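K.L.:
Supplied in structure tokens, the structure appears directly below.
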Amino acid sequence: SIGLFASSLTDNQVVSFIVGIAIIFVFWLMDKMLLFVHPALAGIVQYISVEFHLSNISRGVIDTRNIIYFGSVIGFFLFLTTRLVESRRWR
């Protein structure tokens, strides 16, 4: 869904690929940025991080929080894609 969103941002395939990879990279690096984040926000940043949820799944722990996280990310980016495509249609 992130790649689909990036593809809806631009008509150029190479640019959409780079934008999609950049968005995924930001989600992946959020866990690494915990050292630079205020301790009050560290829990939120860690929960948004993809690596936090993938580490649980890679150990064989399938928790509903992880499923809800990935479903929410997919739904959010599909929603953004739909809104972007609809707004371009009316222009």
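Coordinate-derived values only; no laboratory data. Remember, predicted model here, so these are calculated numbers, not experimental data. FYI the Cβ positions are ideal-geometry reconstructions off the backbone, even for glycines, and counts take in every protein chain you see.
K.L.:
Relative contact order for the chain: what is it in percent, counting Cα pairs under 8 Å that are at least 6 residues apart? Don't skip to the end; give the middle numbers.
P.N.:
Working: 66 pairs, mean separation 29.9, N = 91.
With pairs under 8 Å counted, the relative contact order is 33 percent.
K.L.:
If you don't mind, there's one more thing I want to ask. Wrap a convex hull around the Cα atoms of the chain, take a quarter of its surface area, and give that in square nanometres. Don't skip to the answer; put the middle values down first.
P.N.:
Values: hull surface 29.3 nm².
The Cα convex hull of the chain, projected and averaged over all directions, gives 7.3 nm².
K.L.:
Just to check I understand the Karplus step: with θ = phi - 60° and J = 6.51 cos²θ - 1.76 cosθ + 1.60, what whole-Hz values come out for region 30-47, glycine and proline as x?
P.N.:
4, 5, 6, 7, 4, 5, 9, 9, 4, x, 5, 9, 4, x, 5, 5, 5, 5
K.L.:
Under unit Cβ charges (Lys, Arg +1; Asp, Glu -1), what dipole magnitude, rounded to 20 debye, does the chain have relative to its Cα centre?
P.N.:
Numbers: 7 positive and 5 negative charges, 45 e Å.
Dipole about the Cα centre, nearest 20: 220 debye.
K.L.:
Can you tell me how much longer the chain between Ser1 and Thr82 gets when fully stretched, taken as 0.36 nm per residue apart minus their C-alpha distance, in nm with one decimal? Spell out each step's value before the answer.
P.N.:
Values: separation 81, 0.36 × 81 = 29.16 nm, distance 1.08 nm.
Net length gain for the segment: 28.1 nm.
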